Amino acid sequence: MRGPLLLLGLLVAAALLGPLLLAWPYDAIDWNAIRAAPGSPGHPLGTDGVGRDLLARALVGTRVTLMVALAAAVTSLLIGVAWGATAGWIGGKTDEAMMRIVDALYALPFMFVVILLMVLFGRSILLVFLGIGAVEWLTMARIVRGQTLSLKQRGFVDAAEAAGQSGGAILIRHILPNVAGIALAYLMLTVPQVVMVESFLSFLGLGVQEPLTSLGILVKEGADEMVTSPHALILPGLLLVGLVVSLTLVGEALRRRFER
């Protein structure tokens, strides 16, 4: 786990601190260096078709992608834990009805729902992570429900009921703390999924908008100029792969640890 965690830490540190060390901001245009090659003065990795520093844009794009992914994952965590814990604790017909809703939402075309939200309510960065998070909570709800159904049969729940604690108090004080570990592990596995979704939306032009950028936007711009400027595609592509792989490996390591 150390290798992926170290890689993830380096990527996060570069995204947060790297732009502060560069001479050119990510949205500034250098009119004297349009499509500059890597190694040009002031632009270590060159510039894009309008003279913006590629390294600065790649680092800021990584920062924005991570920010959207984390915000969307936390949104899915909150909705999924609340829904799954409530369904598992109440049980019976309420549980069945709530999980049928989850099954019905699973049947909907996920990307179509997100794109529909973007078209109806605009393409602000707030809506991007709310829209993604609002449809990524289904798996989390199923996992938390299963854990809750298992935990409610344990002796400590019987002891809490015998002590006169209410159902809500037992759920908050005893069930949720025991679910927190596995929920955190699956949260880490949700983040790389959201990174890919956000990148795909941005690739289609439905993600974050200018002057902000993201790895999806940079991959799209790099693909358009792949023949003349292959480096414009290679850097954001490597950053995207590094993020997804490191986040996935860290999440899998956490899942194995908490499932023991």
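The values are calculated or read from the model by the stated rules, or taken from the named source; none is laboratory data. Note that the structure is predicted; figures quoted are calculated from it, not measured. Cβ atoms come from the backbone with ideal geometry, glycine included; neighbour counts cover every protein chain shown.
Points worth noting:
- Unmet criterion (only one of (1) aliphatic (A, V, I, L, M); (2) assigned to a helix (DSSP H, G or I); (3) closer than 30 Å to Gly61 by Cβ) for Val179: (3)
- Lone qualifier among Ile182, Ile217 - being over 20 Å from Leu7 (Cβ atoms), of a type outside the set (Asp, Glu), surrounded by 15 or more Cβ atoms within 10 Å (Cβ to Cβ) and modelled with pLDDT of 85 or more: Ile217
- So Glu252, is it closer than 16 Å to Ala58 by Cβ, assigned to a helix (DSSP H, G or I) and at pLDDT below 85: no
- Among residues of the stretch 103-152, those that are of a type in the set (S, T, N, Q) and either at pLDDT below 85 or within 18 Å of the chain's Cα centre (by Cα) (or both), counted: 2
- Wholly enclosed helices (runs of 4 or more DSSP H) of the stretch 1-117 bearing at least 1 residues surrounded by fewer than 17 Cβ atoms within 10 Å (Cβ to Cβ) and among the polar types (S, T, N, Q): 92-107
- Unmet criterion (only one of (1) assigned to a helix (DSSP H, G or I); (2) over 26 Å from Val102 (Cβ atoms)) for Gln165: (1)
- Verdict on Ala82 being under 21 Å from Tyr186 (Cα atoms), among the small types (Gly, Ala, Ser) and modelled with pLDDT under 85: no
- Any hit, the stretch 227-247, residues being farther than 25 Å from Glu96 by Cα, in a loop (DSSP other than H, G, I, E, B) and free of Cβ contacts under 8 Å to residues at least 60 places away in the same chain: yes
- Any pair with Cβ under 8 angstrom, 6 or more apart, that starts in the stretch 135-161 at a residue that is farther than 30 Å from Ala69 by Cα and in contact (Cβ under 8 Å) with a residue 60 or more places away in the chain and ends at one that is buried (at least 24 other Cβ atoms within 10 Å of the Cβ) and small (Gly, Ala, Ser): Lys152/Gly88
- Matching residues, the stretch 185-214, being crowded, with 24+ Cβ neighbours inside 10 Å and assigned to a loop (DSSP other than H, G, I, E, B): Gly207, Thr213, Ser214
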